Every structure is written in C-alpha cells, then in structure tokens.
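So the structure is just underneath, and the comments pick up after that.
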Amino acid sequence: MISMIFKIIEECLEVKEIMRQLDRRFYLTFFERLEYAFEFVKQNPAISLGATKERFPDGTLIGPWWNKIISSFIQKMKETPFEMQTKEDQIALYLLAQIDEIQGNTLDFFGKLLYVKRMVERNPKITIGTIKERFPDGTVIGTWWQNNITSFIQRMKETAFGLQTEEDKTALYILAQIDEIQGNTLDFVGKLFYVKKMVEKDPKVAISTTKERFPDGTVIGHWWHNTVSRFVKRMKETGV
C-alpha cells in the first residue's frame, strides 16, 4: 500500500514537471524572458537585442518585447525607492547590468552605483577608489568613483531634501548600503539619513534608546541622544 502511495506521488510530481515545461513553451514571465535574453547575449555578445528577429521559447519576438518593456522597466526602477524594489526587481537590474557588461554598453550614474554595490557585496574590504577594474564601457571604476562620488554627496548636502529627485534619494540609499557593508564611518548627514531609513521601516522605533548600531559600530541611540538634541538646540539658538 505504501509503495503504491509513493508511486502515485512520483507520478504526480512528474506530471507537474511536464506541465511546468509546457507552460514555459506557452508563456514566459518577465523575469524568465530576461534570464533567456541574458543567456542569449552570452552566446551572441555583439547582437542588438532590440533589433533581433529571434524568438523566446513561447514564440514571442525578442526585439519588439525588449524595445517595449525594458526601457519602461528601467524608468520605473529609477522612480522607485530602492527599499521598495522587490528582490526580483533588484535581480532583474543586476541581469541588465550583466548584459551591459557583456555587450560593453555605457552605464548611467545609477547603473554604475548598482554595479559597484554588487562588487562590494562580493568583496566588502575592497577600496573602491583604487579599483583598476573597468565598467562595461571601459571606464576605470576607481577613477570614476574619485571623480564623481564626493562631488555628488556634497551636492546632495547642499540640496534641500524636497528638491532631491527620487533617483538622488535612491543613490544616497545605495551609498549608505555600501557604507554599511564596508563598515565605514558615516558623517552627521549620513547618520541622519540612515536613521530616516530606520524610521521609514519602523515608524514606532524609539530612536534615542535603540541599541542598533551604525555601520561603524556606534550605538544609534547614544549618538542620537548625545548629538542631535544639541544640534537642535543650537539651531533654535541661531534662529534657523
């Protein structure tokens, strides 16, 4: 009797697998199409995805799908705060970055930041400003970092929060994540921005008593109690 039950279970699993494979022939999800495009580009690095007449396994033309879907997806991601992106969104962006790498395409500022974040995740101790590796377009990563990131952070410090674009805020959040992975010390504004993200995730958090720590190991509650209250008092006294 037991062997009969196991046989039925095995047959059911086999049927489910066959149905899954059949489903892939009839319709692919966005993520499955992107994975297919990635594998396709690995085999054909010089191909123009937007112009190809090749088809996905379900028969859909790759070129028209790419032209219709990918640019709007990238734009949507630029307008979506990083913490609101799903894990699948982030993997999709990474696949797109890998496709760019294979094809040697130019990444924009946001794309380069995401590319660096992935590098840091693989090697947390790496000194970004000295990296000799290159982005897909041939730009030396370390040189780009030195020439762009400091000036970007300074510009954000001088830009009122309400005037920052959604892409600016996302870039700052990715920079904070890079700091967190590397255990770097955040400056005053960086710490405030870090706390803001904490509060957005948990509006009821008691900041001054939290035992959580910044990437550099500083207890957030202690820093808030010792620093922010004095800062607010000083601002009131100066009439700001």
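The values are calculated or read from the model by the stated rules, or taken from the named source; none is laboratory data. This is a predicted model, so every value here is computed, not measured. Please note: Cβ atoms are built from the backbone with ideal geometry, for glycine as well, and neighbour counts cover all protein chains shown.
Note on the stretch 22-33: residues that are modelled with pLDDT under 85, surrounded by 11 or more Cβ atoms within 10 Å (Cβ to Cβ) and of a type outside the set (Ser, Thr, Tyr) amount to 4.
When restricted to residues that are within 21 Å of residue 30 (Cα to Cα) and touching a residue at least 60 places away in the same chain (Cβ under 8 Å), the stretch 104-132 contains 1.
Quick grid of which residues meet (1) aliphatic (A, V, I, L, M); (2) surrounded by 13 or more Cβ atoms within 10 Å (Cβ to Cβ); (3) under 30 Å from residue 149 (Cβ atoms); (4) over 20 Å from the mean Cα position of the chain (by Cα):
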residue	(1), (2), (3), (4)
35	no, yes, no, no
38	no, yes, yes, no
63	no, yes, no, yes
74	yes, yes, yes, no
82	no, yes, yes, no
87	no, no, yes, no
94	no, yes, yes, no
107	yes, yes, yes, no
116	yes, yes, yes, no
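The one condition from (1) modelled with pLDDT of 80 or more; (2) farther than 22 Å from residue 76 by Cβ; (3) among the hydrophobic types (A, V, I, L, M, F, W, C); (4) out of contact with any Lys or Arg (no Cβ under 9 Å at 6 or more places or on another chain) that residue 172 does not meet is (2). Just a yes or no: is a residue in the stretch 64-74 assigned by TED's automatic domain parsing to the domain that holds residue 34, touching a residue at least 12 places away in the same chain (Cβ under 8 Å) and in a loop (DSSP other than H, G, I, E, B)? No, that holds for no residue.
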